[in-house]
Amino acid sequence: MTYTALALTLIFVLIPLLLSKTLNLGLEKDTVIATVRSIIQLLVVGYVLKFVFDTEHFIYLLLMIVLMITVATLNARKNGKNIPGITWKLAVTLIVVEVITQGVLVGFHIIPPTAQYIIPISGMLIGNSMVLAILFLNRFSAEIEAHEHEIELILSLGGTPKQAVHRHLTKAIKASMIPTIEAQKTIGLVQLPGMMSGQIIGGADPIQAVQFQILIVFALLTCATLTSIVFGFLIYPSLFNERMQLIKNSFN
């Protein structure tokens, strides 16, 4: 792609700007900020990745993964900032997902143990886990708020915190996993996923592109399951005090 062609893609930014201005949506500032940040961030990442790929040093690979996990953790924790230990619980969840998925991929020689493969796949997995964690927090908070009296009743009758929130916890876990499962049902029919499309545009053999996409699809399914379950079981004890009483407004 030439720089002229790249510049012309700004048309896709002008369209929402004009529509926002016309309909008084007030999104012009956010759109401009998002556009500028995306350009700068992607350019910086591009040069950083080129350096990491060229050096092929393990420490730079590790630093990139740590950076991804840190940024994802800081972004996701905003949705549950009043939950005690939310930061380390998010970090632990993302680390568990990364270690297990990459352990399988590299351990069974499905992908080579190089930065060229590990970093892009890690980015997809960690980013997906971040979104799933946010979805879980939103649904779990809604479940707790809607059934607060029911939870307190179970506790007053001698139930444990786990018994009191078990049904709502499983509902939140299921709800956060549904988008991933539903997307996989129509993959290839409704949409051509990003990794597959990028490889095909880059000139790769479509069959090889499909094989790599299948790898990502299956990894994302494990990612969704691990994120929702690990994060859910780390979070729910924080909603109760030492007397096993529900803490009000834990998510606010």
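How big is the gap, in Å, between the Cα center of the range 117-167 and the Cα center of the range 63-116? Result: 18 Å between the Cα centres.
Decide, for the range 22-162, between rounded, prolate and oblate: order the square roots of the alpha carbon gyration tensor eigenvalues as a ≥ b ≥ c, take rounded if a/c falls under 1.5, and otherwise choose prolate if a/b is larger than b/c, else oblate. Mind dumping the intermediate values first?
Numbers: a/c = 3.11, a/b = 1.40, b/c = 2.22.
The shape class here is oblate.
Going by a ≥ b ≥ c, the root eigenvalues of the Cα gyration tensor, does the range 33-113 fall in the rounded group (a/c under 1.5), the prolate group (a/b larger than b/c) or the oblate group? Mind dumping the intermediate values first?
Values: a/c = 2.55, a/b = 1.14, b/c = 2.23.
Oblate.
Hey, what D do you get for the chain in µm²/s if you plug the Kirkwood alpha-carbon radius into Stokes-Einstein at 4 °C and 1.567 mPa s? Kindly include the intermediate steps, with their values, before the conclusion.
Values: Rh = 20.8 Å.
Rounded, D is 62 µm²/s.
For the range 84-124, chymotrypsin sites (Phe, Trp or Tyr not before Pro) meeting the loop criterion (DSSP other than H, G, I, E, B) and having at most 12 other Cβ atoms within 10 Å: Phe108. Taking a ≥ b ≥ c as the square roots of the eigenvalues of the Cα gyration tensor, the range 4-80 is oblate, since a/c reaches 1.5 or more and a/b is not larger than b/c.
Positive-end ranking of Gln41, Ala175, Ser122 along the dipole of the chain, with charges on Cβ about the Cα centre, is headed by Ala175. With helices as the sole contributors, the chain gives -26000 deg cm²/dmol at 222 nm; each DSSP H run of n ≥ 4 counts as -39500 (n - 2.57), and the sum is divided by every residue.
For Lys248, the aspartates and glutamates whose Cα comes closer than 20 Å to its Cα, not counting residues fewer than 8 places off in the same chain, are Glu143, Glu145, Glu148, Glu150, Glu152.
Packing-wise, with mean Cβ within 10 Å as the measure, how do 126-135, 155-164 rank, highest first?
Details: 126-135: 22.3, 155-164: 14.3.
Going by the mean number of other Cβ atoms within 10 Å, highest first, we get 126-135, 155-164.
In the context of the full set of protein chains, residues of the chain present 61 Å² of accessible surface per residue (probe radius 1.4 Å, heavy atoms only).
The values are calculated or read from the model by the stated rules, or taken from the named source; none is laboratory data. Being a predicted model, the structure only gives us computed values, none of them experimental. Using ideal geometry, Cβ is built from the backbone for each residue, glycine included, and neighbour counts are taken over all protein chains shown. These accessible areas exclude ligands, DNA and RNA; they are computed on the full protein's heavy atoms, side chains included. Shrake-Rupley method; radii C 1.70, N 1.55, O 1.52, S 1.80 Å.
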